[in-house]
Amino acid sequence: MKEFNVAVAGATGAVGDVFLEILAQRNFPIKNLKLLASERSVGKKIKFKGEEFVVEKLDKDSFQNIDIALFSAGGDRSKEFAPYAVQSGAVVVDNSSAFRMDPEIPLVVPEVNPQDIALYKKRGIIANPNCTTIIMVVPLKPLHDYAKIKRIVVSTYQAVSGAGAKAMAELESQIRQYVNGEEIKVSALAYQIAFNLIPQIDIFTDNLYTKEEMKMVNETRKIMGDSSINITATTVRVPVFRCHSESVTIETEKKITRQEAVELLSKAPGVTVIDDPQNKKYPMPLFLSGTDDCYVGRIREDISCEKGLSMWIVGDQLRKGAALNAIQIAEILGEKYL
Ligand code: HSE
């Protein structure tokens, strides 16, 4: 089996951790592994498959002899260092938003548009979509293929993992502070997140949608290869540790019944249907953290629209929403293209 020299840039963040966990779990064919991060994490020791690795500084010379560079170090670092990785001969799979909407760079969810991976040859970079977009498009793809989606209305319930390791720690400490009757400290997010909801993720754009909401609009169209889909999104941060949930209603050209949707989704790769209303069975973030699929439940025909269908989707933000999707891309890259 072919093996690759792999670099993980941003190895010490919340997503970096999960990258290493999944690379080990899936037995990714690694010849040599290099862990890269910013100055303040240099020298930190991280175990991978029982072996200790020392974190090195991410810089322009980090990518000599690297075949695949997995980036999860934030958009600015991707913009700065991904071009050096490409110059050194690596293919970059980038988890940030830096390159997602670049028309020359593929934006890929392997269950939806694996064929687009081939376009990496142009610029040496493949972009990994935003977590909320990935978790939504995996189940919507088979419904779109069957009935052509005309409109999507989505509201998200996004875990603190999406705001990074500091936000996860902050939710936990705010709960402790509350229980102990102490002052609740706010630093990673704009407001207290324990016992609260924050209806703003990322900054506002001119049309009063947030950047997170516009990512769902623009990225979904690019991944589905269909710019005619109308999408409106409201994205909300919730006090959940690491699974994102989404309430999604679609309007389709051809009617889909609940039964048809259940059948299509039950066969779809990367999707698990949990939908048994009589027995209170539906996907919930608490019970699905750390798993790989996108889970769909509460599937029902929309009583307000003849060709509408509503559903509830849950997916682990750090796994399918970030690291797993990027590693699936890297697996296809390794198997088919390198
Ligand atoms: N933008 C997402 C969030 C995480 O804030 O939850 C990135 O995939």
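Out of the residues in region 127-159 that are farther than 14 Å from A322 by Cβ, within 16 Å of the ligand (Cβ to nearest atom) and aliphatic (A, V, I, L, M), state the one that is farthest from the chain's Cα centre (by Cα).
That would be V154.
Does V42 count as touching a Gly at 6+ places or on another chain (Cβ under 7 Å), free of Cβ contacts under 8 Å to residues at least 40 places away in the same chain and open to solvent by 20 Å² or more (accessible area, probe 1.4 Å)?
no
Would you mind finding the one in Y295, Y282 that is within 30 Å of G10 (Cβ to Cβ) and touching a strand residue (DSSP E or B) at 6+ places or on another chain (Cβ under 6 Å)?
After ruling out the rest, the residue left standing is Y295.
For region 289-296, check the following and say yes or no: at least one residue is more than 22 Å from the chain's Cα centre (by Cα), under 22 Å from Y146 (Cβ atoms) and open to solvent by 20 Å² or more (accessible area, probe 1.4 Å).
no
If you go through region 9-25 one residue at a time, do you hit one that is assigned to a strand (DSSP E or B) and touching a Phe, Trp or Tyr at 6+ places or on another chain (Cβ under 6 Å)?
yes
With E213, E246, E219 as the choices, which residue is crowded, with 18+ Cβ neighbours inside 10 Å, free of Cβ contacts under 8 Å to residues at least 24 places away in the same chain and either touching a strand residue (DSSP E or B) at 6+ places or on another chain (Cβ under 8 Å) or of a type in the set (V, I, T) (or both)?
E213
Among the candidates D206, D202, which residue alone is part of a loop (DSSP other than H, G, I, E, B), at pLDDT 95 or above and open to solvent by 70 Å² or more (accessible area, probe 1.4 Å)?
D206
With respect to R237, determine if the residue is away from the ligand (no atom under 16 Å from the Cβ) and open to solvent by less than 70 Å² (accessible area, probe 1.4 Å).
Criteria not met by R237.
What number of residues within region 169-183 satisfy the criterion of being open to solvent by 40 Å² or more (accessible area, probe 1.4 Å) and either touching a helix residue (DSSP H, G or I) at 6+ places or on another chain (Cβ under 9 Å) or assigned to a helix (DSSP H, G or I) (or both)?
9
For region 209-236, what are the residues that are farther than 30 Å from I184 by Cβ and assigned to a loop (DSSP other than H, G, I, E, B)?
G225, D226, S227, S228, I229
Among the candidates K320, K307, which residue alone is in contact with an Asp or Glu (Cβ under 7 Å, 6 or more places away or on another chain) and open to solvent by 50 Å² or more (accessible area, probe 1.4 Å)?
Exactly one residue qualifies, and that residue is K307.
Sort out which residues of region 188-199 are within 17 Å of V154 (Cα to Cα) and assigned to a loop (DSSP other than H, G, I, E, B), and write them in order of number.
L197, P199 - these are the residues of region 188-199 that are within 17 Å of V154 (Cα to Cα) and assigned to a loop (DSSP other than H, G, I, E, B).
Which members of region 249-276 meet the condition of being among the charged types (D, E, K, R), assigned to a loop (DSSP other than H, G, I, E, B) and open to solvent by less than 60 Å² (accessible area, probe 1.4 Å)?
Hit for region 249-276 is D275, nothing else.
Where in region 30-112 are the strands (runs of 3 or more DSSP E), entirely inside, with at least 2 residues that are under 22 Å from the mean Cα position of the chain (by Cα) and not β-branched (V, I, T)?
Because the criterion is at least 2 residues that are under 22 Å from the mean Cα position of the chain (by Cα) and not β-branched (V, I, T), the strands (runs of 3 or more DSSP E) in region 30-112 that meet it are 30-37, 68-71.
Looking at the structure I just gave you, is T133 part of a helix (DSSP H, G or I) and buried (at least 22 other Cβ atoms within 10 Å of the Cβ)?
yes
Starting from region 304-322, take each residue that is part of a loop (DSSP other than H, G, I, E, B) and list its partners that are open to solvent by less than 10 Å² (accessible area, probe 1.4 Å) and of a type in the set (G, A, S), counting only C-beta distances under 6 angstrom and pairs at least six apart or across chains.
Correct list of pairs: Q317/A159; Q317/S161; L318/S161.
Out of (1) within 14 Å of the ligand (Cβ to nearest atom); (2) open to solvent by 10 Å² or more (accessible area, probe 1.4 Å); (3) modelled with pLDDT of 95 or more, the odd one out for G164 is which?
Going through (1) within 14 Å of the ligand (Cβ to nearest atom); (2) open to solvent by 10 Å² or more (accessible area, probe 1.4 Å); (3) modelled with pLDDT of 95 or more one by one, G164 breaks only (3).
Table: residues versus (1) farther than 30 Å from I193 by Cα; (2) in contact with a His (Cβ under 9 Å, 6 or more places away or on another chain); (3) of a type in the set (K, R).
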{"position": "E219", "(1), (2), (3)": "no, no, no"}
{"position": "V236", "(1), (2), (3)": "no, no, no"}
{"position": "R242", "(1), (2), (3)": "no, no, yes"}
{"position": "K255", "(1), (2), (3)": "yes, no, yes"}
{"position": "K267", "(1), (2), (3)": "yes, no, yes"}
{"position": "V271", "(1), (2), (3)": "no, no, no"}
{"position": "I274", "(1), (2), (3)": "no, no, no"}
{"position": "N279", "(1), (2), (3)": "yes, no, no"}
{"position": "P285", "(1), (2), (3)": "no, yes, no"}
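The values are calculated or read from the model by the stated rules, or taken from the named source; none is laboratory data. For clarity, every value in this text was computed on a predicted model and none was experimentally measured. Backbone-built Cβ (ideal geometry, glycine too); neighbour counts: all protein chains shown. Keep in mind that these areas ignore ligands, DNA and RNA; they rest on the heavy atoms of the full protein, side chains included. Shrake-Rupley method; radii C 1.70, N 1.55, O 1.52, S 1.80 Å.
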